[in-house]
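S.K.: Please read through the structure below; I'll follow up with questions.
Derivation of every value follows stated rules applied to the coordinates shown; laboratory data play no part. What you are looking at is a predicted structure, and each value in this text was computed from that prediction instead of being measured. Neighbour counts run over all protein chains shown; Cβ positions are idealised from the backbone, glycine included.
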């Protein structure tokens with residue numbers, strides 16, 4: 001390689017105003033230089049709340065996937081999961097940044113919260129992610145099952161959102177579709193391999209689905225934020241049939257039964273989208289936010 | 001045009017813009033350093049706007065950590081060449097496709113031992129599942145040219161690559177994924 005090919009790394013050691021300390025650091029607004037104005041026809045407050053929902057799903061789930069690092073059965077699976085977690089983190093950053101901009105559209109100074117304030121300085125009840133992404137997977141089968149359900153659902157939603165009346169949300173979704181298609185295929189192939197594998201792997205995969213399935217219903221529940229954004233948000237009820245069809249196809253190929261069971265109860269009619277979470281979420285969030293809260297004002 | 005300060009003025013004059021384009025196009029991608037940003041198809045536009053030079057790039061993947069480095073490198077090289085006011089913009093739409101890798105880019109990938117991507121799937125409507133081994137055309141080994149190759153992992157060291165092994169020459173290699 002020539003020196004030129006390492007230019008991006010050489011510049012790290014140069015004296016500049018730039019405060020990067022390693023490759024990929026020196027984070028700036030992920031939507032820098034993008035026209036962030038909210039179209040007149042779109043309710044900015046609802047758009048902010050909606051982007052927060054989708055951004056929190058990706059942020060929290062990415063963190064759970066990152067916790068698998070060094071614990072995967074093979075190096076190849078480790079790099080696969082790291083890449084999936086990175087894609088979701090990228091989606092989360094753009095969605096949180098979009099939420100902050102939309103929030104700012106209503107404020108006098110035009111500045112909403114930035115991605116770090118939203119990720120690290122909100123409390124548990126202010127997060128709007130679904131409860132599916134909160135639990136620590138007990139084993140690899142649970143990881144594969146949860147990733148399949150999450151990515152099948154999110155891919156279907158993003159497919160609709162690529163046509164959103166908010167051009168920024170539409171662009172984030174169109175990009176996400178390509179990534180989520182790979183995530184879903186990866187998870188589906190593992191569910192099939194385990195389900196159609198040995199009696200032991202089949203039993204573990206079936207048991208894992210039984211644990212996750214009570215959280216599936218919540219993914220398709222109506223919420224007031226989505227209802228306030230016709231043409232902008234994607235109604236999860238509209239993608240249920242498509243997601244069910246995908247899951248049926250995978251389960252059939254994997255010789256697995258679709259679990260029955262009762263959906264996880266809402267609490268006083270509320271669940272993840274209302275800020276009501278499971279116990280596991282508090283511990284996850286404490287870890288996710290610990291560095292930022294220990295060093296207020298730190299930059300990365 | 002060379003200004004009194006000794007730098008290039010961004011007056012929108014063709015010569016200035018052509019120079020800026022050449023400099024921007026030569027910036028290497030940090031993850032695939034054998035390719036320039038132009039080869040990779042992530043350099044979308046170089047234009048003059050009210051006396052500023054505006055360079056537009058697009059990320060390959062949502063979480064791509066290289067985008068920030070590329071923006072830094074662009075600003076650095078252009079300012080060194082005398083372009084005082086440089087803005088680097090990110091364009092999210094249309095989303096990057098591996099189809100945008102140029103013929104020259106594909107040649108460079110092959111020369112560096114990486115298999116270039118097949119055409120990206122035409123995605124209109126729901127994305128079909130790929131349940132068994134990928135249904136794509138066999139990937140040609142960049143070392144020996146054999147088409148008797150197998151995927152060992154769907155994801156490689158970076159989001160844009162998958163891992164393959166050639167059954168003929170037994171060499172492992174990376175495949176730039178179609179997306």
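S.K.: Distance from a point 7 Å along Cα→Cβ of residue A:196 to each backbone N in region A:256-276: keep the residues under 14 Å and list them by number.
M.R.: Backbone N within reach: A:256-257.
S.K.: Quick one: if the Förster radius is 35 Å, what FRET efficiency do residue A:32 and residue A:66 give, using the C-beta to C-beta distance and rounding to 0.05?
M.R.: So the FRET efficiency works out to roughly 0.90.
S.K.: Stretch residue B:79-residue B:150 to full length: gain in nm at 0.36 nm per residue minus the Cα-Cα span?
M.R.: Gain on stretching residue B:79 to residue B:150: 21.0 nm.
S.K.: So, one more: If packing is taken as the average number of other Cβ atoms within 10 Å across a peptide's residues, how do B:58-70, A:186-198, A:251-263 rank, most packed first?
M.R.: Ranked by mean Cβ neighbours within 10 Å, highest first: B:58-70, A:186-198, A:251-263.
S.K.: Moving on. How crowded by other chains is B:31-40, given as the mean number of beta carbons from other chains within 10 Å of each beta carbon?
M.R.: 2
S.K.: Say R0 is 22 Å: what FRET efficiency, to the nearest 0.05, do residue B:49 and residue B:102 get from their beta-carbon distance?
M.R.: Working from the Cβ atoms, E equals 0.25.
S.K.: Could I ask something else about it? For Cα pairs less than 8 Å apart in space and 6+ apart in sequence, what is the mean separation divided by the residue count of chain B, i.e. the relative contact order in percent?
M.R.: Worked out over chain B, it gives 17 percent.
S.K.: With an 8 Å Cα cut-off and a minimum separation of 6 or more residues, compute the relative contact order for region A:113-210 in percent.
M.R.: Over region A:113-210, the number comes to 29 percent.
S.K.: Using Cβ counts within 10 Å as a stand-in for footprinting exposure, how do B:167, A:175, B:161 rank, fewest first?
M.R.: B:167, B:161, A:175
S.K.: If you don't mind, there's one more thing I want to ask. If you scale each eigenvalue of the Cα gyration tensor by 5 and take the root, what three semi-axes come out for the protein assembly as shown, rounded to whole angstrom and sorted largest first?
M.R.: 38, 30, 20
S.K.: Pairs of Cα atoms under 8 Å, at least six residues apart: use those to get the relative contact order of chain A, whole percent.
M.R.: 22
S.K.: If the elastic network links every pair of Cα atoms under 10 Å, which of B:33, B:142, B:116 fluctuates the most in the Gaussian network model of chain B?
M.R.: Most flexible of the set in this elastic network: B:33.
S.K.: In peptide B:155-162, what is the residue-averaged number of other protein chain Cβ atoms found within 10 Å of each Cβ?
M.R.: Counting other chains' Cβ atoms within 10 Å and averaging over B:155-162 gives 5.
S.K.: Now a separate question. So, in nm, how far is label residue A:108 from label residue A:220 when the simple model puts each one 7 Å beyond its Cα toward the Cβ?
M.R.: 4.7
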